[in-house]
Each structure stands twice: as structure tokens, then as C-alpha cells.
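The values are calculated or read from the model by the stated rules, or taken from the named source; none is laboratory data. Everything numeric in this text was worked out from a predicted model, so none of it was measured. Here the Cβ is made from the backbone with ideal geometry for all residues, glycine too, and neighbour counts use every protein chain on show.
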Amino acid sequence: MLNLGIEIKELKIENYSRKDNTYDLIANFEVNGNKDNIVKRYGLSRIEDLTSDLISSIKEHVKSKNKVMSRDPIEGIVIVRYTKELEEVKEQVMGFFKKIETKIKDFKNQRYSENFLTRYKTIDGFSQKL
């Protein structure tokens, strides 16, 4: 039996596309002290849906990466959990998605700016440590 604890360290945005409002989200996390990450493509959607998708995707990624092949069914069990309370993790991830949504909406509402390219790049590379 394998017991794994996940701790999300950082969420980061890359490759924002203004055309279709999508971006790559890079989630850096640790599994029992070992660093790992996952990259997912997201767009503007309900924050609750994005949050639950990311949280479950990380768990599935960790579970599939640490699958144990054994004839003994007990040894093949992989328990994946978050080291913090799940509600606390959800609140942190939702807070990040809210900030991204606000940044994108502010950017899209901007009609003209002499620093347009600079503002465009501020969405790429936006990150938050959790």
C-alpha cells in the first residue's frame, strides 16, 4: 500500500491567447517531498469547475504515475491525498483563478495603452505561491 501526500507549491500562467481566452496553467507541487508538475490548458469558465478539474487532475496524475503492479491487492492500493485540508486547497486555487479572471477582464477592457505589449505580457508568467 502506498500513501502519498500532495502539497501544491505554485500555480503559474503561460501562453495566454487573447483570441480564444485560453492559457496554460502550470501547477508545481510536491508528492512526499518529491517535486512534480502538471500542465493543463484552460479557458475562462466557472471558477468552481476549473478548481475541481485541477484538483482532481493533479490527484489522477500522481495516482497514475505511482501505480504499483503487484499480485497482492493490498500492495497495489495507492492512496492520494492533499497534506492540507481539501477545503483550504480549494479556496487557494479558487483565489488564484479569480485573480486570473480579473486580470484577463481588465486586460480585455483596456482599449488603448501605450504599454499594451507590456500589459499583454503581464498575464503570461503570472504566478502565485500557495
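Every condition in (1) loosely packed, with under 12 Cβ neighbours inside 10 Å; (2) within 30 Å of N109 (Cβ to Cβ); (3) of a type in the set (D, E, K, R); (4) modelled with pLDDT of 95 or more is met by K35 except one, and the failing one is (2).
Give me the residue from the stretch 17-35 that is part of a strand (DSSP E or B) and among the charged types (D, E, K, R) and, out of that set, nearest to V89 (Cα to Cα). Spell out how you get there, then give the answer.
Here is the first cut: in the stretch 17-35, the ones part of a strand (DSSP E or B) are 17, 22-31, 34-35.
Still in the list and also among the charged types (D, E, K, R): 24, 30, 35.
On the way: D24: 20, E30: 14, K35: 18 Å.
Per the criteria, the residue is E30.
Taking first residues from the stretch 91-108 that are touching a residue at least 12 places away in the same chain (Cβ under 8 Å) and partners that are of a type in the set (S, T, Y), the Cβ contacts under 6 Å between residues at least 6 apart in sequence or on separate chains come to V93/T51; M94/T51.
If we keep just the residues of the stretch 38-68 that are aliphatic (A, V, I, L, M) and loosely packed, with under 13 Cβ neighbours inside 10 Å, which is modelled with the lowest pLDDT? Result: V68.
Pull up the stretch 69-84, narrow it to residues that are closer than 18 Å to A27 by Cβ and either hydroxyl-bearing (S, T, Y) or without any contact (Cβ under 8 Å) to a residue 12 or more places away in the chain (or both), then point me to the one that is surrounded by the most Cβ atoms within 10 Å (Cβ to Cβ).
Here is the first cut: in the stretch 69-84, the ones closer than 18 Å to A27 by Cβ are 80-84.
Now restrict to residues that are either hydroxyl-bearing (S, T, Y) or without any contact (Cβ under 8 Å) to a residue 12 or more places away in the chain (or both): 82-83.
Numbers: Y82: 18, T83: 14.
Result: Y82.
Flag not set for R119, criterion: out of contact with any Cys (no Cβ under 6 Å at 6 or more places or on another chain), in a loop (DSSP other than H, G, I, E, B), among the charged types (D, E, K, R) and at pLDDT below 85.
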